[in-house]
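Take a look at the structure set out below.
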Amino acid sequence: MNIISLQSYLIISALLFSFGLFAIITRKNAISVLLGFELIMNAAGLNFAAFSHFSDSVIHGQVFTIFIIALAAAESAVILALIISVYQKMDTVQIDEIDSLKG
Amino acid sequence: METNQLMHPWFPVLILALPLLASVVQLFAGRRLPRGGDWVSTLMILAGFVLSLITFADVVLRGDPGFRYERAFNWISFGSVNVTMGILVDNLTAVMLVLVTGISSCVHVFSMFYMHGDRRYPLYFSYLSFFCFSMIGIVISDNLLMTFMFWELVGYSSYALIGFWFEREAAAEAQKKAFVVNRVGDVGFLIGLMIIFYVVGDFRFGRIFEAAANGTFDRSIPIFGLPLVTLAGVGIFLGAMGKSAQFPFHVWLPDAMEGPTTASSLIHAATMVAAGVFLTARIYPILTPEALIFITYVGTFTAFMAATIALVQSDIKRVLAYSTISQLGYMMLGLGSGGYTAGLAHLFTHAFFKCLLFLCAGSVIHALHTQDMFRMGGLRKKMPVTFAAMLMGTLAISGVPLFSGFFSKDAILVQALYRYFTEPHLLRLLPFVFGMGSAALTAFYMFRLIFLTFFGKPRDKKIYAHAHESPLLATAPLCILAVFTLGFFWTGTVDIPVPSGEVKIPVGIVKQGWVQEMIVEPAIAAGHYENPSLMEDEPAHKKAEHLVEGLSILSASFGILLAWLIYIRKAVSAQAIRRRFRLTVLFLENLWYVDRLYEIVIVRGLHRWNALVFQFDQVIIDGLVNAMGCSGEWLSRGIGCFDRVVIDGAVNLTATVSQSVGREFSRLQNGKIQGYVFLGILSLCLYILIGVM
């Protein structure tokens with residue numbers, strides 16, 4: 001039953017988080033950054049599910065994961081909309097070119 | 001009639017106020033009035049004269065020598081001291097009032113003629129009235145402070161009149177000289193005033209004399225071994241010396257001839273120079289024997305010195321000026337010898353004949369436009385009235401019997417000789433000897449003036465041709481004044497001088513007249529300063545009288561004869577005498593080198609001293625100031641440096657640091673979201689790392 005240990009889950013989750021973070025920091029394309037976010041979300045969801053599975057019988061964690069997936073979907077939609085409107089305004093989705101908030 | 005009460009108590013005040021009123025009116029409205037308003041001043045002074053005559057009749061004719069009328073009001077009160085202003089009318093005041101207003105009236109009338117057409121005609125009359133006002137103030141004052149105030153006003157008035165033609169350099173110089181020399185004397189007056197106020201605490205003459213009589217002065221500490229009362233007396237007399245042109249303050253008077261002749265006449269007769277003698281007489285009760293000796297010798301020296309200088313003057317006004325100084329010396333000599341009455345009598349008679357002489361000189365100058373006697377001559381026929389008047393004045397001043405000068409000058413000489421008899425000491429004889437000598441000199445130089453001016457042949461034909469007698473306006477005052485040169489106005493008796501013996505006419509020429517009876521020494525201090533020489537000694541006095549009568553007639557005739565020999569008969573050439581006594585003449589022509597001495601000692605000394613003080617100022621004071629300034633500057637510079645480097649540096653450093661730090665950090669704010677995120681993560685990691693460690 002417990003062939004796959006909690007550590008394995010956590011390692012996968014940590015990898016996912018790291019990749020996501022790496023994508024966020026390094027990718028220039030806004031879409032890629034968005035993808036990085038999704039990875040981080042999923043890492044978090046995976047953590048929830050894993051901890052929930054290994055702790056007790058209550059499935060609070062899994063419920064949280066469902067919520068996270070739903071939230072991520074909604075969030076991607078909003079961010080994509082934002083990216084489109086930024087593109088319309090600035091003709092680019094390259095994140096390092098969008099620096100009008102510069103001090 | 002009540003004793004010590006005036007019939008018209010307001011008259012003295014009115015007499016004082018009228019000239020002031022005239023002066024003010026003339027000053028502001030003179031130009032707009034017809035005739036330049038000369039009638040305002042003249043009428044006012046004439047009104048004053050009438051009031052003075054009434055007061056005179058009221059006071060003197062009641063025959064009380066000790067009459068005193070005093071009224072005063074509080075002027076300033078501080079602490080327990082009351083300074084009062086008031087009037088004092090006694091016999092002396094009454095006579096002086098008549099004298100001042102009477103002579104001023106004559107001068108006013110004569111001035112209408114003499115000053116006619118002058119550019120500042122109204123102003124001249126304003127000054128003239130103000131002069132009278134000041135002098136009347138001195139005469140009626142009942143305290144020393146008020147006297148001093150009017151004294152200074154007299155000084156100012158003389159300043160204004162001497163320099164009336166101030167466009168002329170000499171006149172401006174003369175007025176300055178008169179003012180400054182008088183100030184020097186006034187310092188003495190002020191010191192005397194302060195001593196008296198310190199001791200007595202009151203300025204009123206009555207109080208001062210009381211204090212002198214009851215010995216208040218004797219209880220105070222003497223200075224330099226001299227009792228304070230002597231110092232006070234001598235101090236006030238110094239002031240009198242300034243005004244009355246006594247040696248060494250006489251130098252201003254001859255220079256004052258630069259003023260209009262009428263003004264000189266007023267100064268020399270009734271107002272300025274009389275003030276000094278009057279003041280000396282006023283403070284007579286506080287004059288101690290020592291002070292009197294001082295006064296005697298000053299007077300004697302002045303009388304003799306001025307008489308000798310007058311011998312060599314060629315300017316008609318200057319001869320008269322030196323004769324005035326000489327006569328003033330006589331008065332002081334008389335007062336100093338204890339001859340209160342004699343000195344004042346000479347003041348009265350001299351006022352009239354000297355005013356007359358000056359006005360006559362004015363008449364001559366007006367006719368000839370020159371003051372040089374050596375360009376005149378033979379005017380006797382062209383100006384008969386002036387000649388007659390001047391001759392009378394000259395006879396009076398020379399001491400010819402029957403004329404006023406004989407009577408008063410003899411009184412002084414009698415007193416001087418009497419002093420010698422009562423105190424047979426050689427020093428006591430000097431005043432008499434020099435007085436008698438000066439009398440001969442006076443007769444000589446006055447007749448020299450007359451002979452040069454009116455007799456002989458005209459020396460300058462052109463001037464002579466233009467000469468003419470002055471109009472009635474000028475000659476009327478001359479005639480009036482001339483009448484008063486007659487002796488009987490002053491003695492009340494006419495005595496014909498003849499040697500006793502065959503003709504049974506009283507020999508006593510110096511008769512007891514009203515002046516002797518009414519003008520007597522104030523009794524208040526008479527008993528205090530016991531002076532044996534002043535005690536009555538009838539035989540000695542008689543002896544002195546007889547001697548003086550003879551000697552003075554002799555000396556006067558000697559002087560006149562000598563003048564006649566030299567200038568009319570030409571028996572002796574004036575040039576020859578000049579050559580013979582070259583050094584003496586040089587000495588006299590340089591006015592005894594007094595002015596030269598002043599020039600060298602005082603003026604140059606002062607310049608030298610000024611230069612020294614200037615140097616001191618330049619080097620020490622300015623050096624100190626500059627050193628202070630420099631050190632301050634350097635100190636400030638140091639502080640400024642510190643400020644700039646340290647304080648400003650700190651401030652600037654703070655600013656620069658924050659600025660550069662800001663600049664550096666602002667680079668982080670580059671708008672690159674990924675950079676922010678990276679930094680955020682990095683800090684989080686660091687945070688965790690630190691937390692773990």
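General remarks:
- Residue-level analysis places B:TYR445 among those that are of a type outside the set (Gly, Ala, Ser), within 24 Å of B:SER314 (Cα to Cα), at pLDDT 80 or above and buried (at least 17 other Cβ atoms within 10 Å of the Cβ).
- Of everything listed in (1) outside any helix (DSSP H, G or I); (2) out of contact with any Leu (no Cβ under 8 Å at 6 or more places or on another chain), the single unmet condition for B:SER636 is (1).
Residues checked against (1) closer than 28 Å to B:PHE247 by Cα; (2) modelled with pLDDT of 80 or more; (3) in contact with a Phe, Trp or Tyr (Cβ under 6 Å, 6 or more places away or on another chain):
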{"position": "B:ARG579", "(1), (2), (3)": "no, no, no"}
{"position": "B:VAL585", "(1), (2), (3)": "yes, no, no"}
{"position": "B:TRP592", "(1), (2), (3)": "yes, no, no"}
{"position": "B:ARG608", "(1), (2), (3)": "yes, yes, no"}
{"position": "B:VAL613", "(1), (2), (3)": "no, yes, no"}
{"position": "B:ASP622", "(1), (2), (3)": "no, yes, no"}
{"position": "B:CYS641", "(1), (2), (3)": "no, yes, no"}
{"position": "B:VAL645", "(1), (2), (3)": "no, yes, no"}
{"position": "B:ALA655", "(1), (2), (3)": "no, yes, no"}
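- Test: residue in the stretch A:10-29 that is farther than 24 Å from B:LEU679 by Cα and either in contact with a helix residue (DSSP H, G or I) (Cβ under 9 Å, 6 or more places away or on another chain) or at pLDDT below 90 (or both): yes
- Subset of the stretch B:149-184 [free of Cβ contacts under 8 Å to residues at least 60 places away in the same chain and either under 23 Å from B:ILE76 (Cβ atoms) or surrounded by 23 or more Cβ atoms within 10 Å (Cβ to Cβ) (or both)]: B:MET149, B:PHE150, B:GLU152, B:LEU153, B:TYR156
- The criterion of being in contact (Cβ under 8 Å) with a residue 40 or more places away in the chain and either farther than 26 Å from B:MET85 by Cβ or touching a helix residue (DSSP H, G or I) at 6+ places or on another chain (Cβ under 9 Å) (or both) does not hold for B:LEU228.
- Subset of the stretch A:2-33 (residues that are more than 25 Å from A:ASP96 (Cα to Cα) and either touching an Asp or Glu at 6+ places or on another chain (Cβ under 7 Å) or in a helix (DSSP H, G or I) (or both)): A:LEU6, A:GLN7, A:SER8, A:TYR9, A:LEU10, A:ILE11, A:ILE12, A:SER13, A:ALA14, A:LEU15
- Hey, B:PRO289 out of contact with any helix residue (DSSP H, G or I) (no Cβ under 7 Å at 6 or more places or on another chain) and at pLDDT below 85 or not: yes
- Per-region count, the stretch B:21-50, residues within 15 Å of B:PHE11 (Cα to Cα) and surrounded by 21 or more Cβ atoms within 10 Å (Cβ to Cβ): 4
- Qualifying residue in the stretch A:55-71 (condition: within 11 Å of chain B (Cβ to nearest Cβ), part of a helix (DSSP H, G or I), in contact with a helix residue (DSSP H, G or I) (Cβ under 9 Å, 6 or more places away or on another chain) and of a type outside the set (Phe, Trp, Tyr)): no
- Selection of the stretch B:380-390 for residues being touching a residue at least 60 places away in the same chain (Cβ under 8 Å) and surrounded by fewer than 24 Cβ atoms within 10 Å (Cβ to Cβ) yields B:ARG380, B:LYS382, B:MET383, B:PRO384, B:VAL385, B:PHE387, B:ALA388.
- Filter pass, A:ILE83 being under 30 Å from B:GLY662 (Cβ atoms) and within 14 Å of chain B (Cβ to nearest Cβ): no
- Residues satisfying the stated conditions in the stretch B:664-690, i.e. surrounded by 11 or more Cβ atoms within 10 Å (Cβ to Cβ) and more than 14 Å from every other protein chain (Cβ to nearest Cβ): none
- B:SER438 passes every criterion in (1) on the phi > 0 side of the Ramachandran plot; (2) outside any loop (DSSP other than H, G, I, E, B) apart from (1).
- Qualifying residue in the stretch B:344-362 (condition: modelled with pLDDT under 85 and either small (Gly, Ala, Ser) or out of contact with any Lys or Arg (no Cβ under 8 Å at 6 or more places or on another chain) (or both)): no
- Residue list for the stretch A:47-103, restricted to those being touching a Gly at 6+ places or on another chain (Cβ under 6 Å) and within 20 Å of A:ILE31 (Cα to Cα): A:ILE68, A:ASP99, A:LEU101
- Qualifying residue in the stretch A:92-103 (condition: in a helix (DSSP H, G or I), among the hydrophobic types (A, V, I, L, M, F, W, C) and either more than 14 Å from chain B (Cβ to nearest Cβ) or exposed (fewer than 13 other Cβ atoms within 10 Å of the Cβ) (or both)): no
- Test: residue in the stretch B:25-39 that is closer than 15 Å to B:SER134 by Cα and in contact with a Phe, Trp or Tyr (Cβ under 9 Å, 6 or more places away or on another chain): no
- Scan of the stretch B:102-141 for residues that are outside any helix (DSSP H, G or I) and either at positive phi or of a type outside the set (S, T, N, Q) (or both), ordered by number: B:MET115, B:HIS116, B:GLY117, B:ASP118, B:ARG119, B:ARG120
- Some residue of the stretch B:656-663 being surrounded by fewer than 11 Cβ atoms within 10 Å (Cβ to Cβ) and within 14 Å of chain A (Cβ to nearest Cβ): yes
- Within the stretch B:175-275, helices (runs of 4 or more DSSP H) holding 2 or more residues that are under 22 Å from B:ILE140 (Cβ atoms) and within 13 Å of the chain's Cα centre (by Cα): B:228-243, B:261-269
- Checking each residue of the stretch A:2-9 against the condition of being within 14 Å of chain B (Cβ to nearest Cβ), surrounded by fewer than 16 Cβ atoms within 10 Å (Cβ to Cβ) and touching a residue at least 24 places away in the same chain (Cβ under 8 Å) gives no match.
- Some residue of the stretch A:34-51 being part of a helix (DSSP H, G or I) and without any contact (Cβ under 8 Å) to a residue 12 or more places away in the chain: no
- Any hit, the stretch B:69-81, residues being modelled with pLDDT under 90 and in a helix (DSSP H, G or I): no
- Restricting the stretch B:1-16 to residues that are part of a helix (DSSP H, G or I) and either aromatic (Phe, Trp, Tyr) or without any contact (Cβ under 8 Å) to a residue 60 or more places away in the chain (or both) leaves a set whose member that is farthest from B:THR93 (Cα to Cα) is B:LEU14.
The values are calculated or read from the model by the stated rules, or taken from the named source; none is laboratory data. If you're wondering where the values come from, they're calculated on a predicted model, not measured in any experiment. Note that we place each Cβ from the backbone using ideal geometry, even for glycine, and neighbour counts take in every protein chain shown.
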